[in-house]
Structure formats: C-alpha cells, structure tokens
Amino acid sequence: MIIGIPQGLLYAKYHVFATTFMKEIGAKTVASPTTNKSILDEGVRYCVDEACLPMKVYHGHVAWLRGKCDAVLIPRFMSIRPKEHICPMFCGLIEMVSNHIPDLPLLIDTPVYSLNRDRMLIWAKYAARFLTKDQKTVDAAFDKAIMRQNDYKPGINDEGFPAKVALIGHVYNIYDSFINMNLVKKLNALGIGVLTGEYVPGDAIEDEVRQLYKKPFWSLAREYYGAAVYIRKTKMADGIIYLSSFSCGIDSIITELIKCENDEFPFMVLKLDEHTGEAGYDTRLDAFSDMLKRRKTKFARYVS
Amino acid sequence: MNKELYLGVDVGSVSTNLVLMEKSGDILEKLYLKTSGHPVETLKNGLSRFKAMLGNKTEILAAGATGSGRQLAGLLIGADVVKNEITAHAVAALSVEPEVRTILEIGGQDSKIIFVRNGVVYDFAMNTVCAAGTGSFLDRQASRLDIPIEEFGGYALRAKNPVRIAGRCAVFAESDMIHKQQTGHCNEDIIAGLCLALVRNYLNNLAKGKEIPGPVVFQGGVAANVGIVAAFEKILGSSIVIPRHYDVMGAYGAAILAKEHIGETGKKTCFHGFDCVNDNFSVKSLECKDCPNRCEVVKISVGGELKACMGDRCGKWNCLPKDMSMNA
Amino acid sequence: MLVTFPNMGNVAFAARALCQGLKIPYVMPEKNNKDTLRRGSFYAPEEICLPFKVMLGNFLECIEKGADTILFVGSCGPCRFGEYCELHMKILRRLGYGNVNIVVADFSPEIGIDALRHRIAAISDKSPVGKLEKLKAVKNAMIIEALCDRLDRIAYEMAGYEVNRGTCKRLMYEYKAKILESKEPDETIAMLRGYLRKFGEVKTDLSLDPVKIAIIGEIYTVIDPFSNLYIEEKLMDLGASSSRMLTPTWWVKDLVMKPVKLNSPNINRAARKYMPFPVGGHGKECIGEAVLAAKKGMDGAIQILPLGCMPEVISKAILPSIRRDYSFPFMTLIVDEVTGEAGINTRLEAFLDMLGSIKKRGGSGRKHNLTKMEPAGSLLRRCANEADRKELFFE
C-alpha cells in the first residue's frame, strides 16, 4: 500500500514521525513535492476563497497526490496539548478537502487529541488499521518513529551575520520557501542571520504567557507570543519579523498582542497570500534590514 | 392605430439602458447610456430621445424597471414591475435562448452567474465586493494602456504568448500588469493574459466547484469584448452564445416582466408617459436622526409636493404609493 | 461604579433589566449603528472579525458616557471570540482607559468555578439588594430575554402570513422602543406579555404560502440586525417568513447543557454526517440547522458570517454537499465593514424570486422524505395562549 503525505501545514514539524511510522508498518510513502506554482493554482481552485493561504496550498498538495497513492494521510489535529486548542481550520480540514476535491483515494483522518505518548499510541493503532492489525509491529514502529521524531530538531539559528532577526510565525510559512518567497535566503543575502522560535526555551515561553490576563488557548499562539516577547526582552535578536498569512485568525490576534507589548523593538509583520507581489516584499525586507543595521551602529556609538 | 409597446428600464451604476419591446417580444428600439452618477438626468434624457424617435403614435402597455437604481426609476416613470436585475437577466436570456443552462453576466460594477434548470433559476452568485473583471476595471486598464476600449479585445486575439497575471483583486491585477509592462512584455500578451486571469478569477469566485453546463449565454456590456469572450471559450472548452442585444438584456427582461405582469393581472399600466421625468422632480436625501439606526432616507417630490420616500427601516417615512409596493 | 455591556440584539435588554433588578447604575449602549462601527474599526486590528469591531465601538461610546465597568462573556476557543477580552483590555489601556474594568464571565472549565465566582462577586457585591432580590433579578433578566426572543421569532415568522404588510415589523419596533422606557423589570415583563397577545391579534391569512427561509451562521452576526444589514427585516418587507434557531436564549441553554452533553441533540445529530467533529464557534450548529431546515421543508437558507470567521468558513465549504444531497438552496452573506446595501438587496430579492419559482414548480423534487412539518401558523395560534404562561425560559 502506498501512503501519500501532503507536504503542507504541520508537515514541516512532524513529517519524520509520520514517514517513519508508515514505513515501519510496511507501507510505501510518497510525499508531494515542495510547493510550486501548479500546486498553488490547484489549491486555489479547490479551496474555499475565504480560507487562508496555507489551507489553499494544502488542498493543492492533496490534489497532487491523487492517482499516486492508495491512501492520503491527513491527521485531524484537534489539539496538540491538553486543554488547549489548535486553529479551528485544522479541525475541519478533512471536511473541506473531501467536499471539494473530487476523485480522492482513501483518507486516513484519525484525529490527534494530544501529542503525549499515550494518546499518540492510540492514534497510531487506529491509523495503522488499514495496513496491519499486528500489535507488535505497531508498537515497534511507533517507538522508532517517536525516537526519530525526537531526534529531529528543526530550527534555524544563524551565526556570523552582522545582524540577527527572529522569524516568528507558523512553521508552514517559515519553512515553505515558495510561500515565503525564499525569505531566509533573502535575509541572509542582506547580511541578516535568522533565529527561529524553536530556540526559545519552553519554560521561558510559559513565564511570558503567564503575564497575560488570559492564557491563549491556541497552542501555536501561545508559543509565538511567548517566544516573541522573550526574544524582545532578552535581545536574543535585533528585531522580529512575524510571518503571517492573510486572513489567518490566530495571526490577527497574536500580532496585535505582540504589538501592544512592543514599544521600541523593531517589529514587522509580513503578510502572505497568493497575490503578494515580490517587488513590494523585497522593498520591505530591504528597508527593515537597513533599519536594523542603522539602529545597531547608532546604539553602539551611544553606548561607547 | 397606435403602436403598442412595452418599456423596460435598467438603471445601473455605470450605464442606464432603455428598451422598447413590441408585442411579439422583439426589440424595437434600445438605448445604452452612461449613467455618470446622474440617474435621474440620464433617465430623462433617454425617455425624451424615445419620444423624439416615436412621435405620438405609440402607446405604452406596461413598463418595468430593474438595476441598482430600480426603486428610484420605478417611482419616477410609474413602473408596473420593479424587479432585481438577476431575475430580469435570467428572464431575458431565457426568451432569447429557451434551452439556456448557464448565464454569464458582466456589467459595469458587478458580475453574476446564473444557473437555470428546466427554465427556472436554481442557483446564482453575484460578486459585488471586488471590481476586478468588471466593465469599469477594463475601461480603466484600456485608458491606462492608451487603447480605445472597443479595440481592447482585438489586441487579446493577436497575442502569441499571454502572460500570467494575478486576477483575483483589481489592485493586485493592476500592479501585476504594470510590473509586466516594465519587464518589457508587449501589450497584446498583457491584455490576453489579463483577459484569461479575469475569466479564471470570475469562474473561481462565482462558480467554485460548480459545473458550467451549456448552452452558455454571455451578456452585459463586457460581452462586447472579444478578448474576454475568447478567454471564456478557451477555459470552458465550449462555444458561448452572445445575444444580439447583449448590452440591454436587463432592460429587455424588465420589459418582458412588465408584459407578463399586465397580462396576468389585467390591470392598466401606471406608466406616467415619456414626459414624466421633468424639472419638477427633485430628489433629496437626508439622514434620519430619530433613532440610532441613522437610515439614509431619499425624498422624492414633484413640483414641491412630497411624492415618496424610501430607504428607512422602521416605516415612519415610508409613504410609497400603494400600487407601487415593492414588487420584489 | 457605572456598568455597561456590549450590544447584541436583545441581550442588552436583558442586561439592562439585570442592572435594574440589582439596582446598579448602568449605561445602556446605543443601538448599533454606523458610528459605532466606524469608531470600533478605527482602533481594532485590521483583520479581526466584525463582532469585535462593533463591540469595541459599543465600549468606547459607553466609556465616554462615564461607564467604568464592562460586563462581558468569554469562551475558551478555538474560535477568536475567546481572545476578545484580552485584546479589548489592551486596546482600551492603550487609549488611556486603563481604569475601565472588564468583568469577563468565562464559563469554561479551564478558568475554574472559583475564578468565575470571584469575578461575578465583583459586580454583585456592589448591589444594595438582598440575596433573594438578586436571584429574582437574574430570573427576570432571563425571562425578558426569552420573551424578546420569542416575540422576534413570531414577528419574523408571521410576517409571511400577515394580511397588512408591515404590521409585524411595526409591532416589533414598538415593543423595542417601549422596553427602553420602562423602569422596572416587572413592568417590562408585563409589557412584553401584552405584546405577545397583540401578535396573536394580528390579522393573518394562513392560506398564504410564503417563502420560508432559515437564517443560519455565526451567532453574533445573525442576532445583531445591524451587523447583518437588517436581513431579517428585509425579508419581512419582502413578505417572506424567516426563522432562526440561534438566539441568546438558545446560547444560555446550550452553555448550561454542554457539560452533560445534552446541548441541542437534534442539531448535533443532524450535523454528524457532514461534520463529525466540532470546529469551534457555531460551525457545527450551522451545518445541523441547514440539514434540519431542509428536512423540515423550508425553502432555503441564508448563511451569515463575518469576514474571516474560521468556523463558518469550514461550514461554507460543506454547505454545497448539503445542497446537493437535499436539493436545498442557500445563499451565503459575508459581512464586514461595508454598509452598502444595493448589492445585498439585489441578491436577496433574486434569491426569493428563485425560491418562489422553484416552489411554484412543485418544490425542488427533494429525494428525502420530509419529516413532520409544522403546519402553517401553528406558532401563531399558540402565541395568544403563551402570553400567560409562566415558565417561558425552559420550554
């Protein structure tokens, strides 16, 4: 059996687990290619207009996998931490995909309720039911997949650049270089190193979030907010770029919360959608990098 | 004997169209005028031109009004039927092409798609938010490229390699076009690309996930643009029908509806005559401050006497004549 | 302390009655209008949904009139509504209203019952009346809410049957104006019961067969007439009969029943096939109501959602399947700051025309057997008797 894995949304974070697990229980896997123009076009064609760009892109990836596999793995993320939520669009993603893309193969849409070991094992058993019912195989595959996933540490922390900027935002925006138009490379070319939120310690995030009147109930929002505020406080970077998708409900709140806390620290929101013109995008990056560097030299002079 | 005719009026934001229909259902005369922000003036102008054309030897049996200014127009001329333009367009297309299944309509400010099954509208969609792809957007692009709008479509047909343009939003499409111009593409390729992008966007917006069954009728002012027509045929993969009077189909539909209405009820028309819109008319608008709703009330008076009011929610100002109730 | 609350349909009437009952001074927010929205959206984040902007506008208006405490409800996601209070606080603080206290009644288990009790005490301790009086104030507020919802429901539904077009709408406007004049909750209740009787006396023609439309979608925008461009009133003007399930009364009931999983079982059952998992907000309800409306033999449905509403976007994606399975037409109305009504009117009228002509042709040829359909106007016949019923809230 060939299992298709769409290379969109949280793929960037959890693909190691998914691929390893499926391989270990005896399936062949095929992942859609990294996002390209035709995938985006297909996605825009099939997805509801009002959805955000990453959702549209995901539709494109699923559409690409048709005819190339026997089943598509689309985990339904209901939540990834207990008592917290994830974006509502994730909960209804399966329905959106299955109602709009014709000729789909079998969808493995087992819901994920939490990423702790016990809940994930239940998930694994259920998701594996099409391939094997053998308990031992599943257990062994699960252990191996968890191990590999734990060894996999995504994140960027460039050293040796004159300035450094923290890139905050959804992983599917940061690691999809087609959607973000090679943002990391562009920043590097401008002489700016990139730091991603994975390098902020978990406890620090927790401390920052506790300052709020109400703890954000979206796991992702909690991470981004905490990371951004911590980076600003400790000056782990010289500025923050928030990579946001147009019409993302979570981003519209989080960027605003960060802005409220933010006074002097350089902070820029880059909005992405399928129409974002590259020329204007480059101009903004250019200007932001100039600002960072100028501030740095001015500040250095002031101190000395 | 006096010639018996039916009048249809379509007051839109960009154009005001008038149609005189014969008893047989054929169009005797039609007028396509630019509204230019003065619906009352334009209507008056159109009616007096009709009068000059026909002399006194005619009798109007019924009158219908449609378009975004239908309420106002209906009051002014004394229309028997005031209908929304989607229904009017569907009725008109059905009378031209009884088998029609899909109606594409692109006007000056908005675009619509109407699906018909067994002679009855069963689904429709209308785009009012984004101006990309509508007549006024094409007009603006034509003047920006310094090409008369009449020749705009012809350019598209001569293109060899249409460029890719993002068509979803007017602002994006325009900046994309400028960018393509600056990188040296020729006008033909840019215009063809624009036509394709706008058609793709239209279908994406209005007909997402829906089948487009034929026969397809394409009407509205933009149907004159051969570039857009070609783009539709290319993307749909089938030929499309353009009615002879594609530009006044709304008014035509209003005339048909008026004829039906009079035929069904057997009433006499309320039409005030071709001179009805004269200088005695005045239209004033005010913001009612009596409650927080802040309705924008439009007052219409003739010779200083208040004839009708509309636009309020609570019904306090509402003094529409009884026989002219909103025939929605 | 001067209390205020956001305006959302009839909720403000109930909140007003609560304050009256507790003898706490309050500022009644003005009916939502263009100025409210203009003010709210000026300070609100660009991409936030419409309810946030309108509510912020309410708050700013009332703060200018001297309010220093805002009563608000909360939730714990996954929809954006749960984050409203945090953002409202930050924006008000930035505008120099740091002294304004927002009291959030958050019923989610994550907050905990003690915190909730603590927050409610902040208000109720300021009230000079005794415990029994307090309970009575809460009860009266709930009854007023239920009565208002009932009156609206009758008005919207009866409008299709009335002999003199506009009677129901006039009565509805009348009672809403009178509520603002009354000083005591008891007086309000008596007045509202009187209006129930008046609706019973409206001349109706039950042989009429108006187009029946279900209003579904995001709760704030379906309940607040200003946000949905007065769509229900427009339907009244056009002689259609409309009904919606989501009301503030329903919301309270849903909230109370949720922990024991007895909330709206019919809606949940109807939605299960299309949306097996909740998506937050009222996305599941929207789907369930569409299915129920189709089964009940309504002619069509109108979905209303604020631009960018995440749960409703998912529902919107699913609705075409319901349309296909039940041949049930619907229209989607996305509302935002645009207040231009010409386009909406055209679409609405065309939608009614379409439903009317499908009806004339002998229905849409639905495959499914219709479940029992309420006989025309049974609601109307009941309402005269209901005027004297005591327990209206939990039907």
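Name every residue in region C:243-273 that is part of a loop (DSSP other than H, G, I, E, B) and either among the small types (Gly, Ala, Ser) or touching a residue at least 60 places away in the same chain (Cβ under 8 Å) (or both), in order of residue number.
Taking region C:243-273 first, the residues part of a loop (DSSP other than H, G, I, E, B) are C:244-247, C:261-264, C:272-273.
Scanning region C:243-273 gives C:Arg244, C:Thr247, C:Ser264.
Taking region A:213-229 on its own, how many of its residues are within 21 Å of A:Pro88 (Cβ to Cβ) and in contact (Cβ under 8 Å) with a residue 12 or more places away in the chain? Even if it seems obvious, please write down each step before you answer.
Of all residues in region A:213-229, those within 21 Å of A:Pro88 (Cβ to Cβ) come to A:214-225.
Now narrow it down to the ones that are in contact (Cβ under 8 Å) with a residue 12 or more places away in the chain: A:216-225.
Qualifying residue count for the region: 10.
Considering only residues that are touching a Ser or Thr at 6+ places or on another chain (Cβ under 8 Å) and part of a loop (DSSP other than H, G, I, E, B), look in region C:82-128 and name the one that is farthest from C:Met1 (Cα to Cα).
Among those residues, the one meeting the criterion is C:Ser108.
Checking B:Asp176 against (1) surrounded by fewer than 19 Cβ atoms within 10 Å (Cβ to Cβ); (2) of a type outside the set (A, V, I, L, M); (3) at pLDDT below 80, which test does it fail?
(1)
Residue-wise test of (1) modelled with pLDDT under 85; (2) within 11 Å of chain C (Cβ to nearest Cβ).
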position	(1), (2)
B:Leu43	no, no
B:Lys51	no, no
B:Asn56	yes, no
B:Val81	no, no
B:Ala88	no, yes
B:Ile113	no, no
B:Ala131	yes, no
B:Gly135	yes, no
B:Ala142	no, no
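From the list C:Phe59, C:Phe5, C:Phe52, which residue is among the aromatic types (Phe, Trp, Tyr), within 12 Å of chain A (Cβ to nearest Cβ) and buried (at least 24 other Cβ atoms within 10 Å of the Cβ)?
From the options C:Phe59, C:Phe5, C:Phe52, the qualifying one is C:Phe52.
Can you report the number of residues in region B:93-110 which are surrounded by 23 or more Cβ atoms within 10 Å (Cβ to Cβ) and within 14 Å of chain C (Cβ to nearest Cβ)?
5
Condition first: under 19 Å from B:Thr269 (Cβ atoms), surrounded by fewer than 18 Cβ atoms within 10 Å (Cβ to Cβ) and basic (Lys, Arg). Now tell me which residues in region B:44-78 satisfy that.
Hits for region B:44-78 are B:Lys51, B:Lys57.
Filter region C:88-130 for residues that are of a type in the set (Lys, Arg) and in contact with a helix residue (DSSP H, G or I) (Cβ under 9 Å, 6 or more places away or on another chain); which is nearest to the other protein chains (Cβ to nearest Cβ)?
The selected residue is C:Lys90.
Return a yes/no flag: does region C:379-389 have any residue that is loosely packed, with under 15 Cβ neighbours inside 10 Å, modelled with pLDDT under 90 and not in a helix (DSSP H, G or I).
Let us first name the residues in region C:379-389 that are loosely packed, with under 15 Cβ neighbours inside 10 Å, namely C:381-382, C:384-385, C:388-389.
Narrowing the set further to residues that are modelled with pLDDT under 90 leaves C:381-382, C:384-385, C:388-389.
Next cut, not in a helix (DSSP H, G or I) only: C:388-389.
The answer is yes; a qualifying residue exists.
Restricting region C:332-355 to residues that are under 17 Å from B:Leu206 (Cβ atoms) and surrounded by fewer than 23 Cβ atoms within 10 Å (Cβ to Cβ), which is nearest to the other protein chains (Cβ to nearest Cβ)?
My answer is C:Gly343.
Any residue at all in region B:162-172 that's in contact (Cβ under 8 Å) with a residue 12 or more places away in the chain, in contact with a strand residue (DSSP E or B) (Cβ under 7 Å, 6 or more places away or on another chain) and surrounded by 17 or more Cβ atoms within 10 Å (Cβ to Cβ)?
So far as region B:162-172 goes, no, none of its residues is in contact (Cβ under 8 Å) with a residue 12 or more places away in the chain, in contact with a strand residue (DSSP E or B) (Cβ under 7 Å, 6 or more places away or on another chain) and surrounded by 17 or more Cβ atoms within 10 Å (Cβ to Cβ).
Given the structure, is A:Leu107 crowded, with 23+ Cβ neighbours inside 10 Å, closer than 24 Å to C:Glu312 by Cβ, outside the structural domain of A:Gly202 (by TED's automatic domain parsing) and not aromatic (Phe, Trp, Tyr)? Working first, answer last.
Working: crowded, with 23+ Cβ neighbours inside 10 Å: no; closer than 24 Å to C:Glu312 by Cβ: yes; outside the structural domain of A:Gly202 (by TED's automatic domain parsing): yes; not aromatic (Phe, Trp, Tyr): yes.
Spelling it out, it is not the case that A:Leu107 is crowded, with 23+ Cβ neighbours inside 10 Å, closer than 24 Å to C:Glu312 by Cβ, outside the structural domain of A:Gly202 (by TED's automatic domain parsing) and not aromatic (Phe, Trp, Tyr).
In region A:184-223, what residues are under 15 Å from A:Ile156 (Cα atoms) and part of a helix (DSSP H, G or I)?
Across region A:184-223, the qualifying residues are A:Val184, A:Lys185, A:Lys186, A:Leu187, A:Asn188, A:Gly197, A:Glu198, A:Tyr199.
In region C:72-79, is there at least one residue being modelled with pLDDT of 85 or more and buried (at least 21 other Cβ atoms within 10 Å of the Cβ)?
no
Among the residues of region A:104-136 satisfying the criterion of being aliphatic (A, V, I, L, M) and closer than 18 Å to A:Ser79 by Cα, which is nearest to the other protein chains (Cβ to nearest Cβ)?
Initially, region A:104-136 is screened for residues aliphatic (A, V, I, L, M), giving A:104, A:106-108, A:112, A:115, A:120-122, A:124, A:127-128, A:131.
Now narrow it down to the ones that are closer than 18 Å to A:Ser79 by Cα: A:108, A:112, A:115, A:120-122, A:124, A:127.
Working: A:Ile108: 15, A:Val112: 11, A:Leu115: 16, A:Met120: 18, A:Leu121: 20, A:Ile122: 16, A:Ala124: 19, A:Ala127: 16 Å.
Looking at residues that are aliphatic (A, V, I, L, M) and closer than 18 Å to A:Ser79 by Cα, I get A:Val112.
With respect to A:Ser247, is the statement that it is at pLDDT 85 or above, crowded, with 18+ Cβ neighbours inside 10 Å and hydroxyl-bearing (Ser, Thr, Tyr) true?
no
Can you name the residue in region A:59-103 that is out of contact with any strand residue (DSSP E or B) (no Cβ under 9 Å at 6 or more places or on another chain) and outside any helix (DSSP H, G or I) and, of all such residues, is farthest from the other protein chains (Cβ to nearest Cβ)?
A:Gly67
Does region A:233-252 hold any residues that are among the β-branched types (Val, Ile, Thr) and either in contact with a strand residue (DSSP E or B) (Cβ under 8 Å, 6 or more places away or on another chain) or on the phi > 0 side of the Ramachandran plot (or both), and which are they? Don't jump to the end; show me each part of the working.
Within region A:233-252, the subset among the β-branched types (Val, Ile, Thr) is A:234, A:240-241, A:250.
Residues satisfying the conditions are A:Ile240, A:Ile241, A:Ile250.
Out of contact with any Pro (no Cβ under 9 Å at 6 or more places or on another chain) and either aromatic (Phe, Trp, Tyr) or assigned to a strand (DSSP E or B) (or both): is that true of B:Glu29 in this structure? Full working, then the answer.
Working: out of contact with any Pro (no Cβ under 9 Å at 6 or more places or on another chain): yes; either aromatic (Phe, Trp, Tyr) or assigned to a strand (DSSP E or B) (or both): yes.
Here the answer is yes, as B:Glu29 does meet what is asked.
Just the residues that are within 7 Å of another protein chain (Cβ to nearest Cβ) and free of Cβ contacts under 8 Å to residues at least 40 places away in the same chain, please, taken from region C:311-331.
Scanning region C:311-331 gives C:Val313, C:Ile314, C:Lys316, C:Ala317, C:Pro320, C:Pro329.
Could you check, for region B:270-277, whether at least one of its residues is assigned by TED's automatic domain parsing to the domain that holds B:Phe152, out of contact with any Lys or Arg (no Cβ under 6 Å at 6 or more places or on another chain) and not aliphatic (A, V, I, L, M)?
no
Can you tell me which residue is farthest from C:Phe351 (Cα to Cα) among those in region C:295-340 that are part of a helix (DSSP H, G or I) and of a type in the set (A, V, I, L, M, F, W, C)?
Applying the filter and picking the extreme gives C:Met310.
Quick test for you: out of C:Gly281, C:Gly297, C:Gly308, pick the one residue that is at positive phi, touching a residue at least 12 places away in the same chain (Cβ under 8 Å) and buried (at least 24 other Cβ atoms within 10 Å of the Cβ).
On the way: C:Gly297 fails: buried (at least 24 other Cβ atoms within 10 Å of the Cβ); C:Gly308 fails: buried (at least 24 other Cβ atoms within 10 Å of the Cβ).
So the residue among C:Gly281, C:Gly297, C:Gly308 that is at positive phi, touching a residue at least 12 places away in the same chain (Cβ under 8 Å) and buried (at least 24 other Cβ atoms within 10 Å of the Cβ) is C:Gly281.
Looking for something more than 13 Å from chain C (Cβ to nearest Cβ), more than 17 Å from A:Leu167 (Cβ to Cβ) and crowded, with 20+ Cβ neighbours inside 10 Å - is there at least one such residue anywhere in region A:213-231?
Within region A:213-231, none of the residues are more than 13 Å from chain C (Cβ to nearest Cβ), more than 17 Å from A:Leu167 (Cβ to Cβ) and crowded, with 20+ Cβ neighbours inside 10 Å.
Which condition breaks for A:Ser177 when tested against (1) surrounded by 21 or more Cβ atoms within 10 Å (Cβ to Cβ); (2) not in a helix (DSSP H, G or I)?
The single condition A:Ser177 does not satisfy is (1).
Every residue in region B:183-224 that is among the polar types (S, T, N, Q) and either within 14 Å of chain A (Cβ to nearest Cβ) or surrounded by 24 or more Cβ atoms within 10 Å (Cβ to Cβ) (or both), please.
Listed by number, the residues that qualify are B:Thr183, B:Asn201, B:Asn204, B:Asn205, B:Gln219.
Collect the residues in region B:226-257 that are over 17 Å from B:Ala93 (Cβ atoms) and buried (at least 24 other Cβ atoms within 10 Å of the Cβ), keeping them in residue-number order.
B:Gly227, B:Ile228, B:Ala231 - these are the residues of region B:226-257 that are over 17 Å from B:Ala93 (Cβ atoms) and buried (at least 24 other Cβ atoms within 10 Å of the Cβ).
The values are calculated or read from the model by the stated rules, or taken from the named source; none is laboratory data. Computed from a predicted model, the values in this text were never measured in an experiment. Here Cβ is always computed from backbone atoms with ideal geometry, including for glycine, and neighbour counts include all displayed protein chains.
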